[in-house]
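Enquirer: My structure is below; once you've seen it, I'll send some questions.
The values are calculated or read from the model by the stated rules, or taken from the named source; none is laboratory data. Worth saying up front: this structure is predicted, and the values here are computed from it rather than measured. Positions of Cβ are backbone-derived with ideal geometry, glycine not excepted, and every protein chain shown enters the neighbour counts. Please note that ligands, DNA and RNA were not included when accessible areas were found on the heavy atoms of the full protein model with its side chains. Shrake-Rupley method; radii C 1.70, N 1.55, O 1.52, S 1.80 Å.
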Amino acid sequence: AFATLPNGIEGDYYLHFVVDENGRVCDGDRSNNEAHSAVFHVNLTPWPDLVVTHIEVPDSLMVGAAAQFNITIANHGIAPATGPMTTRVFMSILPTYGGNSMKQVASYQSGIDLPINDETNITVSGWVPTTVSAGHYYIYAVVDYNDNIYEHTGEDNNVTRSLDQSFFQIYPLD
């Protein structure tokens with residue numbers, strides 16, 4: 001039999017084996033339906049740490065218009081980052097990430113194969129929502145949005161904020 005251990009565990013463990021757990025097999029001696037392995041040690045697998053190190057925002061953005069963002073992603077971890085990944089771009093009136101004011105502007109799904117201490121550049125395209133008002137907004141880039149790549153202690157640094165950015169309402173021509 002094979003088993004996949006969950007991410008993030010380390011230390012000494014036992015495997016416990018149980019047969020006929022629900023007692024559905026007529027068994028005259030139930031005392032031998034359980035066993036356990038000898039103790040074994042699990043070492044924590046090295047992990048990547050994905051960080052948005054730069055987000056390039058256009059000089060001006062317009063409500064309802066297309067938008068393109070150049071994002072630099074680095075791996076500051078101790079293992080390569082490989083696998084499927086989603087990068088999302090949000091806008092908000094707040095200087096901190098999260099909350100009801102967050103509006104998604106763009107999403108980019110890709111595979112990543114990023115060695116340790118390396119970086120890559122991606123371009124994420126989307127649309128500024130028509131449901132926002134003209135004004136000043138912060139732009140946030142979030143790498144590995146769905147947490148597909150296990151980063152152990154590096155999951156809390158996947159968000160980077162731009163400087164204050166202005167959006168302008170587009171009005172139809174008469």
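Enquirer: Using Cα pairs under 8 angstrom and six or more residues apart, how large is the relative contact order of the chain, in percent?
Expert: Relative contact order comes out at 26 percent.
Enquirer: Connecting C-alpha atoms closer than 10 Å in a GNM of the chain, tell me which of S125, S92, S37 has the biggest fluctuation.
Expert: Evaluated over the chain, the most mobile residue of the options is S37.
Enquirer: At most 14 other Cβ atoms within 10 Å and a DSSP loop assignment: could you name the chymotrypsin sites (Phe, Trp or Tyr not before Pro) in the range 1-79 that fit?
Expert: F2, Y14
Enquirer: Next question, about the same structure. For the range 106-169, how big is Rg over Rh, using alpha carbon atoms and the Kirkwood form of Rh?
Expert: On the Cα set of the range 106-169, Rg over Rh gives 1.02.
Enquirer: Sticking with this structure for a sec: Specify the residue with the greatest mean-square fluctuation among A74, A134, A35, computed from a Gaussian network of the chain linking alpha-carbon atoms under 10 Å apart.
Expert: The residue with the greatest mean-square fluctuation here is A35.
Enquirer: Toward the positive end of the charge dipole of the chain, about the Cα centre and with charges on Cβ (Lys, Arg +1; Asp, Glu -1), which of V39, V19, G83 goes farthest?
Expert: Going by the charge dipole, the pick is G83.
Enquirer: What translational diffusion coefficient, in µm²/s and rounded to a whole number, does the Stokes-Einstein relation yield for the range 23-174 at 25 °C and a viscosity of 0.890 mPa s, taking the hydrodynamic radius as the Kirkwood radius over Cα pairs? Write out the running numbers ahead of the final one.
Expert: Working: Rh = 18.1 Å.
Rounded to a whole number, D works out at 136 µm²/s.
Enquirer: Express in whole angstrom the spacing between the alpha-carbon centres of the range 95-161 and the range 3-72.
Expert: 22
Enquirer: Now for a separate question. Within the chain, what percent of beta bridges assigned by DSSP are antiparallel, to the nearest 5?
Expert: In the chain, DSSP labels about 95 percent of beta bridges as antiparallel.
Enquirer: Then there is this: For the chain, report the accessible area per residue in Å² (1.4 Å probe, heavy atoms, rounded to an integer).
Expert: Spelled out: the 1.4 Å probe surface of the chain, per residue, equals 63 Å².
Enquirer: Where the only charges are on Cβ atoms (+1 Lys, Arg; -1 Asp, Glu), what is the dipole of the chain about its Cα centre, to the nearest 20 debye?
Expert: My answer is approximately 580 debye.
Enquirer: Cα convex hull of the range 1-81: how many Å³ per residue?
Expert: Taking the convex hull of the Cα positions in the range 1-81, it is 201 Å³ per residue.
Enquirer: Leaving out ligands, DNA and RNA, what percent of the accessible area of the chain is carbon and sulfur, probe 1.4 Å?
Expert: Here it works out to 51 percent.
Enquirer: Of N121, N43, N22, which is the most mobile in a GNM of the chain whose springs link Cα atoms less than 10 angstrom apart?
Expert: Maximum fluctuation in the GNM of the chain, among the listed residues, is at N22.
Enquirer: Given R₀ = 30 Å, FRET efficiency for D113-Y13 by Cβ-Cβ distance, to 0.05? Could you put the intermediate results ahead of the total?
Expert: Details: r = 31 Å, r/R0 = 1.04.
Rounded to the nearest 0.05, the efficiency is 0.45.
Enquirer: Pulled fully out, how much extra length does the chain show between N33 and D156, if you take 0.36 nm times their separation in residues and subtract their Cα-Cα distance? All intermediate terms of the calculation are to be shown ahead of the outcome.
Expert: On the way: separation 123, 0.36 × 123 = 44.28 nm, distance 4.37 nm.
In short, 39.9 nm is gained.
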